[in-house]
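In what follows, a structure is listed as structure tokens, so that the remarks can point back to it.
The values are calculated or read from the model by the stated rules, or taken from the named source; none is laboratory data. As the structure is a prediction and not an experimental result, all values here were calculated from the model. Using ideal geometry, Cβ is built from the backbone for each residue, glycine included, and neighbour counts are taken over all protein chains shown.
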Amino acid sequence: MPSKGRSSGTPKRTSADATPHYHGHRERLRQRLLDAGDDAVSDYEMLELILFRAIPRKDVKPIAKDLIAAFGSFAEAIAAPPQRLREVSGIKDAAIAELKIVHAAARRLARGAVKGRTVLSSWSNVLDYCRTAQAFADKEQFRILFLDKRNALIADEVQGTGTVDHTPVYPREVVKRALELSATAIVLVHNHPGGDPTPSRADIEMTKVIMDVAKPLGIAVHDHIIVGKDGHASLKGLKLI
């Protein structure tokens, strides 16, 4: 029989002992974001904050760092296709949904900065929106910004999605859609998934064909913007159109 005052067996765990070590880290990280803003939080830590809701009972720091290793940055991680995200250990549907919610929110915020406003007077916002919308897509997307007579954005549509280096574009369909929307000007946008936004000869020739079809119908082509993770290029700025 054990003597009085001596414990026997394994010491009883307290509720504090049972709390996973990462719980304190989560609260500290949330508080740092609230107190100091997003500049005080690194890319992988921002991913941690997103993953907290989807993965409540696991340390997500290694998963967040794996996402950065796989995709290169926060922006590329949230924009990555679901099938690519699933290749990262620990990423399931709930985590993918949280990442895609953040990506969709970023796109809506960027679109809100240009929707209904005079595009030519808020060109930096237009470029930000175009990059947010598709700079990190894994396939080429051809997008058109349709403008009214005040050059305000009235519609923004993806006209086609292609392969990693090509999207079919039909000039007459582009102009037909502009007429349907009563647009008097358009801005063409597409992405280069490889990263380098330098326009190709095909990009320049396609733009000139669209301009030739649009001009007789009173529709101006203000620019053709090419975006990629390495930056953007403007055909008008480069004096190519």
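So which residues in the stretch 36-51 are in a helix (DSSP H, G or I) and under 22 Å from Arg84 (Cβ atoms), if there are any at all? Full working, then the answer.
Step one: list which residues in the stretch 36-51 are in a helix (DSSP H, G or I), which gives 36, 38-40, 43-51.
Residues satisfying the conditions are Asp43, Tyr44, Glu45, Met46, Leu47, Glu48, Leu49, Ile50, Leu51.
Would you mind finding the one in Val221, Val158, Val209 that is in contact with a helix residue (DSSP H, G or I) (Cβ under 9 Å, 6 or more places away or on another chain) and either outside the structural domain of Cys130 (by TED's automatic domain parsing) or more than 21 Å from Asn125 (Cα to Cα) (or both)?
Sole residue among the options that is in contact with a helix residue (DSSP H, G or I) (Cβ under 9 Å, 6 or more places away or on another chain) and either outside the structural domain of Cys130 (by TED's automatic domain parsing) or more than 21 Å from Asn125 (Cα to Cα) (or both): Val209.
What are the pairs, 6+ residues apart or on separate chains, where a residue within the stretch 218-241 that is within 16 Å of Ala202 (Cα to Cα) has its Cβ under 6 Å from a residue that is among the basic types (Lys, Arg) and in a loop (DSSP other than H, G, I, E, B)?
Asp223/Lys236
Within the stretch 169-178, can one find any residue that is in contact (Cβ under 8 Å) with a residue 24 or more places away in the chain and under 24 Å from Phe71 (Cα atoms)?
no
Every residue in the stretch 199-241 that is out of contact with any His (no Cβ under 7 Å at 6 or more places or on another chain), part of a strand (DSSP E or B) and farther than 17 Å from Ala185 by Cα, please.
Of everything in the stretch 199-241, those that are out of contact with any His (no Cβ under 7 Å at 6 or more places or on another chain), part of a strand (DSSP E or B) and farther than 17 Å from Ala185 by Cα turn out to be Val227, Gly231, His232, Ala233.
Name the single residue that is surrounded by the fewest Cβ atoms within 10 Å (Cβ to Cβ) among those in the stretch 44-78 being at pLDDT below 95 and in contact with a Ser or Thr (Cβ under 9 Å, 6 or more places away or on another chain).
Of everything passing the filter in the stretch 44-78, Ala75 is surrounded by the fewest Cβ atoms within 10 Å (Cβ to Cβ).
Within the stretch 111-156, take every residue that is under 10 Å from the mean Cα position of the chain (by Cα) and of a type outside the set (Lys, Arg) and give me the one that is surrounded by the most Cβ atoms within 10 Å (Cβ to Cβ).
Within the stretch 111-156, the subset under 10 Å from the mean Cα position of the chain (by Cα) is 129-137.
So of that shortlist, the ones also of a type outside the set (Lys, Arg) come out as 129-130, 132-137.
On the way: Tyr129: 27, Cys130: 23, Thr132: 20, Ala133: 22, Gln134: 23, Ala135: 23, Phe136: 23, Ala137: 21.
Checked the stretch 111-156; the qualifying residue surrounded by the most Cβ atoms within 10 Å (Cβ to Cβ) is Tyr129.
Give me the residue from the stretch 1-43 that is modelled with pLDDT of 70 or more and acidic (Asp, Glu) and, out of that set, farthest from Ile91 (Cα to Cα). Let's see the steps before the verdict.
Within the stretch 1-43, the subset modelled with pLDDT of 70 or more is 24-43.
Those left that are additionally acidic (Asp, Glu): 27, 35, 38-39, 43.
Values: Glu27: 22, Asp35: 29, Asp38: 23, Asp39: 25, Asp43: 17 Å.
Here the answer is Asp35.
I need a count of the residues in the stretch 186-201 that are touching a residue at least 24 places away in the same chain (Cβ under 8 Å) and over 19 Å from Ala133 (Cβ atoms). Give the derivation first.
Our first condition is that a residue be touching a residue at least 24 places away in the same chain (Cβ under 8 Å); within the stretch 186-201, this holds for 186-199.
Cutting the leftovers down to over 19 Å from Ala133 (Cβ atoms) gives us 198.
The number of residues fulfilling the criteria is 1.
Can you confirm whether Ala202 is exposed (fewer than 15 other Cβ atoms within 10 Å of the Cβ), at pLDDT 90 or above and among the aliphatic types (A, V, I, L, M)?
Against the criterion (exposed (fewer than 15 other Cβ atoms within 10 Å of the Cβ), at pLDDT 90 or above and among the aliphatic types (A, V, I, L, M)), Ala202 qualifies.
Evaluate the following for Ala135: is it outside the structural domain of His222 (by TED's automatic domain parsing) and touching a residue at least 40 places away in the same chain (Cβ under 8 Å)?
No, not satisfied.
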